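Mind looking over this structure? Questions follow.
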Amino acid sequence: MHALIIDDSRAMRMILRRIVTDLGFSCSEAGNGEEALAQIAIGPRPDICLIDWNMPVMDGYTFVTRVRSEADLRDITLMMVTTESEHGQIVRALAAGAHEYVIKPFTPDAIVEKLTLLGLVRDGVPA
Amino acid sequence: MSLSPASFDYVAALVRRETAVIYDAGKEYLVEARLLPLAREAGEVDVDAYVLRIQRDLVEARKAIDALTINETSWFRDNAPYQVFTDVMLPALLEARGAARHLRIWSAACSSGQEAYSLAMLLHESLPSGWSAEILATDVSTTMLERVAAGRYGQVEMNRGMPATRLVRWFTRVGSNWEIAPELRAMVRTRHLNLAAPFPPLPTFDIVFLRNVLIYFEMDVKCDILRRTRDLVAPDGFLLLGSSETTLDMDVPWHREPIDRVQVLRPLTPAAALTGA
Amino acid sequence: MSLTYDEPQLADVLALAEEVWRSFVGDDEPLLPAEPDPGIVAYAATVTIAGAWNGAVTLEFGDGTAEAVSARMLGSGSMTEADVADAVGELVNMVGGNVKSLMPGPSALSLPVVSAGRVAHSNDTTEICRCDLRWAGLPMAVSVHAHRRQDGHQS
């Protein structure tokens with residue numbers, strides 16, 4: 001299984017990379033939504049994207065709306081990982097088509113549990 | 001006022017034995033910082049006195065262990081038991097309780113309440129109209145019970161096992177915390193209860209969650225708790241322990257019934273117990 | 001000039017910083033309240049919040065603190081200045097993002113800015129909240145500044 005990490009913070013990308021690769025995912029990274037769309041277009045197709053909200057060029061919310069509007073990208077699971085934690089923001093993201101939402105700060109366990117909820121991980125390995 | 005070496009050694013050994021968390025040399029200040037509030041609450045003059053106390057007081061020992069292992073409990077912990085709750089237990093009880101149309105559930109070591117409120121969410125989502133349910137959440141720690149009654153959780157806690165859709169449906173932001181919806185809070189009653197002591201008068205329960213608490217007790221006390229709990233559960237009711245707990249080799253009036261890889265326990269009636277069923 | 005009642009409380013800011021630290025820097029060394037450190041600020045990381053509420057959240061690190069925190073966070077031994085900037089920038093992003101969600105919205109969070117030295121705050125901001133701390137015995141501080149109007153009635 002392949003994960004795409006989309007965050008303008010190199011530190012956060014490193015941390016998330018470690019979590020998903022420890023679980024057995026292969027992993028690529030993008031620094032904003034536009035870079036991420038470009039990567040998806042040329043492949044490998046991610047099974048899941050972990051998406052920060054606040055990024056330059058194209059933010060995470062816009063990325064989500066773009067992906068969800070493309071029929072052939074419908075099978076990609078989208079999980080926000082962001083400091084945006086207002087109730088209304090979470091509702092917006094879910095309404096735009098995000099499948100899950102993790103609020104920063106988070107512990108590695110939290111990511112594993114969310115991936116399990118999504119059916120991408122079972123008993124600690126990619127499903 | 002600092003911790004004596006003997007106190008530190010005792011605490012480090014206790015925590016390591018019970019939880020595998022290691023406090024090595026240099027961490028004395030951490031043990032002191034984490035035990036001091038408990039020592040004050042327990043009326044002890046300092047942490048050394050409190051460490052003497054926990055050697056003879058299992059209740060305080062448990063509080064000490066909890067304070068020394070920052071353990072964020074999860075919503076829908078281990079997930080499978082909650083799936084069995086929704087897919088198997090509830091339908092069975094909906095069929096069996098058609099007259100009273102009321103369910104009673106006991107969260108018997110409720111800690112900060114994630115278990116009780118997880119069940120409340122599932123009940124709210126699955127109970128047909130005309131049905132009601134109550135959840136009794138008990139714990140030996142009054143601090144924990146206050147947390148359950150407040151129904152307020154921090155962001156890091158809300159990340160643990162909570163589907164985002166349920167987060168936004170059942171919680172609102174209050175400052176830096178998330179607060180449970182009033183209709184769920186109304187379903188949960190809290191009560192102070194020490195499992196190792198005789199139970200106060202309690203109603204008959206349809207489902208008991210007794211998860212991840214028996215590990216703190218000696219075998220004979222474990223068996224005793226399980227026996228006394230059986231008396232509080234309806235003959236067609238259910239008991240759930242923690243995912244790595246078992247009643248294997250225990251002389252207790254419960255029958256193991258695995259459902260979807262979850263160890264569910266059903267009350268053994270006296271007659272069945274005699275025939276060794 | 002009076003403080004508005006809608007401002008981050010010290011206890012909230014400390015709780016947020018503790019959560020960020022426990023999650024990303026580990027929970028074996030807590031953030032402990034401390035006396036203000038007289039030494040120099042070696043690194044500062046700041047984010048600004050603009051919109052319904054206007055202010056800034058800043059992390060200040062004494063000598064050696066930022067490198068040690070970053071090494072713990074990124075799980076590696078040798079830290080370049082850029083590594084430190086990445087790590088503490090993300091830490092202030094998280095603390096600041098959570099402070100933002102405490103305040104009336106909507107507001108936007110800036111990208112973090114990390115400096116090798118103190119941040120100099122301008123006349124139109126006031127420090128409304130400060131926690132002097134030690135992490136693993138190393139000095140640091142979290143502070144929140146709010147924008148003030150220049151109306152001649154400042155206290």
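The values are calculated or read from the model by the stated rules, or taken from the named source; none is laboratory data. Since the model is a prediction, treat every value here as computed from it, not as a measurement. Methodologically, a virtual Cβ is constructed for each residue, glycine included, from the backbone with ideal geometry; neighbour enumeration extends over all protein chains shown. In case anyone asks, the SASA skips ligands and DNA or RNA and just uses the protein heavy atoms, side chains included. Shrake-Rupley method; radii C 1.70, N 1.55, O 1.52, S 1.80 Å.
If you fit an axis through the alpha-carbon atoms of helix C:81-102 and take the longest principal axis of the Cα set of chain C, what angle between them do you get, 0 to 90°, nearest 10?
40 degrees
Can you list residues whose amide H is under 5 Å from A:THR107's amide H, if they're 5+ apart or on another chain and H is modeled 1.01 Å from N?
none
Shifting gears a bit: Compute the FRET efficiency between B:ASP249 and B:HIS192 as 1/(1 + (r/R0)^6), taking r as their Cβ-Cβ distance and R0 = 25 Å, and round to the nearest 0.05. Don't skip to the end; give the middle numbers.
Values: r = 32 Å, r/R0 = 1.27.
Calculated value: 0.20.
At 0.36 nm per residue, minus the direct Cα-Cα distance, what do B:GLU218 and B:THR204 gain on full extension? Give it in nm, one decimal, please.
Details: separation 14, 0.36 × 14 = 5.04 nm, distance 2.60 nm.
Value of the extension gain: 2.4 nm.
Beyond 15 Å, how much of the Cα-Cα pair distribution for segment B:5-68 remains, as a whole percent?
Values: 837 of 2016 pairs.
Considering segment B:5-68, 42 percent of its Cα-Cα pairs are separated by more than 15 Å.
Rounded to the nearest 500, what is the 222 nm mean residue ellipticity of chain B from helices alone, with -39500 (n - 2.57) per DSSP H run of 4+ residues and division by all residues?
Working: 13 runs with 114 residues, N = 277.
When only DSSP H runs of four or more count, the value is -11500 deg cm²/dmol.
For the protein assembly as shown, state what percent of all Cα-Cα pairs lands in each successive 20 Å bin, counting from 0 Å until the bin that includes the largest distance.
Going out from 0 Å in 20 Å bins, the protein assembly as shown shows 19, 49, 29, 3, 0 percent.
For the pair A and C, how large is the buried accessible area, both sides, in square angstrom to the nearest 100, if the probe is 1.4 Å? It would help to have the intermediate numbers written out before the result.
Working: alone 6310 and 8060 Å², together 12800 Å².
Counting both chains, the buried surface is close to 1600 Å².
What percentage of the solvent-accessible surface of chain C, computed with a 1.4 Å probe over protein heavy atoms, is contributed by carbon and sulfur atoms? Could you put the intermediate results ahead of the total?
Numbers: 3560 of 6850 Å².
Accessible surface attributable to carbon and sulfur in chain C totals 52 percent.
Ballpark to the nearest 100 Å², how much total accessible area do A and B bury together, probe 1.4 Å? Working shown, then result.
On the way: alone 6310 and 13570 Å², together 18370 Å².
Interface between A and B: roughly 1500 Å².
While we're here: Kindly report, to the nearest 10 Å², the accessible surface of B:MET187 as traced by a 1.4 Å probe over protein heavy atoms only.
My reading of the accessible area for B:MET187 is about 30 Å².
In terms of solvent-accessible area of protein heavy atoms at a 1.4 angstrom probe, what is the ranking of A:LYS104, B:LYS222, highest value first?
Details: A:LYS104 0, B:LYS222 45 Å².
Correct descending sequence by accessible area is B:LYS222, A:LYS104.
Just to check I understand the Karplus step: with θ = phi - 60° and J = 6.51 cos²θ - 1.76 cosθ + 1.60, what whole-Hz values come out for segment A:110-120, glycine and proline as x?
Running phi through 6.51 cos²θ - 1.76 cosθ + 1.60 with θ = phi - 60° gives 4, 5, 4, 5, 5, 5, 5, 4, 7, x, 8 Hz.
Amide H of B:ALA137: which non-local residues (sequence gap of 5 or more, or other chain) have their own amide H closer than 5 Å, using H built in the peptide plane?
Placed amide hydrogens put B:SER107, B:ARG189, B:THR190, B:ARG191 under 5 Å from B:ALA137.
At most 10 other Cβ atoms within 10 Å and a DSSP loop assignment: could you name the trypsin sites (Lys or Arg not before Pro) in segment B:1-109 that fit? Walk me through the numbers on the way to the answer.
Numbers: sites: B:ARG16, B:ARG17, B:LYS27, B:ARG34, B:ARG40, B:ARG53, B:ARG56, B:ARG62, B:LYS63, B:ARG77, B:ARG97, B:ARG101, B:ARG104; in loops: B:LYS27, B:ARG56, B:ARG77, B:ARG97, B:ARG101.
In loop regions of segment B:1-109 (DSSP not H, G, I, E or B), the sparsely surrounded trypsin sites (Lys or Arg not before Pro) are B:ARG56.
What is the mean projected area of the alpha carbon convex hull for chain B, to one decimal in square nanometres?
Taking a quarter of the hull surface, the average projection is 16.3 nm².
Between B:TYR10 and B:ASP87, take the C-beta separation as r, use R0 = 35 Å, and let me know the FRET efficiency to the nearest 0.05. The partial results should precede the final answer.
Details: r = 46 Å, r/R0 = 1.31.
The pair B:TYR10/B:ASP87 has a calculated efficiency of 0.15.
When the scattering of chain C is computed by the Debye formula from its Cα atoms alone, each counted once and equally, what is log10 I(q)/I(0) at q = 0.10, 0.16 Å⁻¹?
After summing over all Cα pairs, the log10 values are -0.34, -0.85.
What are the residues whose amide H is under 5 Å from the amide H of B:ILE259, where those residues sit 5 or more places off or on another chain and H is modelled from the backbone?
Sorted by chain and number, the residues that satisfy this are B:VAL264.
Using the heavy atoms of the protein chains alone and a 1.4 angstrom probe, what is the accessible area of the protein assembly as shown per residue in square angstrom?
Numbers: 24040 Å² over 559 residues.
Accessible area per residue: 43 Å².
Another question, if that's okay. Would you mind working out the magnitude of the charge dipole of chain A relative to its Cα centre, with +1 at each Lys and Arg C-beta and -1 at each Asp and Glu C-beta, to the nearest 20 Debye? Kindly include the intermediate steps, with their values, before the conclusion.
Details: 12 positive and 18 negative charges, 18 e Å.
In debye, rounded to 20, chain A gives about 80.
Can you send over the carbon and sulfur percentage of the accessible area for segment A:2-119, probe radius 1.4 Å, protein chains only? Don't skip to the end; give the middle numbers.
Numbers: 2100 of 4230 Å².
For segment A:2-119, the apolar C and S fraction of the accessible surface comes to 50 percent.
Given R₀ = 41 Å, FRET efficiency for B:ARG40-A:ARG92 by Cβ-Cβ distance, to 0.05? Display every interim value, and only then the final one.
Numbers: r = 45 Å, r/R0 = 1.09.
For R0 = 41 Å, the calculated efficiency reads 0.35.
Please figure out what share of the DSSP beta bridges in the protein assembly as shown is antiparallel and state it in percent, rounded to the nearest 5.
Of all bridge pairs located within the protein assembly as shown, approximately 60 percent are antiparallel.
Here's a follow-up. For segment B:95-203, what number results from the quotient of the Cα radius of gyration and 2.2 N^0.38 Å? Intermediate results must be reported in sequence, preceding the final value.
Values: Rg = 14.6 Å, N = 109, 2.2 N^0.38 = 13.1 Å.
With N residues counted in segment B:95-203, Rg over 2.2 N^0.38 Å equals 1.12.
What is the Cα coordinate range of segment A:2-119 on the first, second and third principal axes, sorted by size from largest, in whole angstrom?
Ordered largest first, segment A:2-119 gives principal extents of 34, 31, 28 Å.
At what distance in angstrom do the alpha carbon centres of segment A:73-127 and segment B:242-266 lie from each other?
Cα centres, segment A:73-127 to segment B:242-266: 33 Å.
Tally Lys and Arg at +1 and Asp and Glu at -1 over the other residues with C-beta under 11 Å from the C-beta of C:CYS129: what net charge comes out?
Working: positive: C:ARG130; negative: C:GLU7, C:ASP12, C:GLU127.
Net charge in that neighbourhood comes out at -2.
Could you tell me what percent of the accessible area of segment B:5-68 is made up of carbon and sulfur, with a 1.4 Å probe and every protein chain present?
Details: 1790 of 3270 Å².
Reported share for carbon and sulfur atoms: 55 percent.
Tell me, how many Å apart are the Cα centres for segment A:1-56 and for segment B:136-193?
33 Å
Using θ = phi - 60° and the Karplus form 6.51 cos²θ - 1.76 cosθ + 1.60, what ³J(HN,Hα) does each residue of segment B:240-247 get, whole Hz, x for Gly and Pro?
Those phi angles translate into 10, 9, x, 4, 9, 9, 8, 9 Hz.
Cα-based Rg of segment B:1-140 per 2.2 N^0.38 Å, rounded to two decimals? Each step should come with its number before you reach the end.
Working: Rg = 20.6 Å, N = 140, 2.2 N^0.38 = 14.4 Å.
Dividing the Cα Rg of segment B:1-140 by 2.2 N^0.38 Å gives 1.43.
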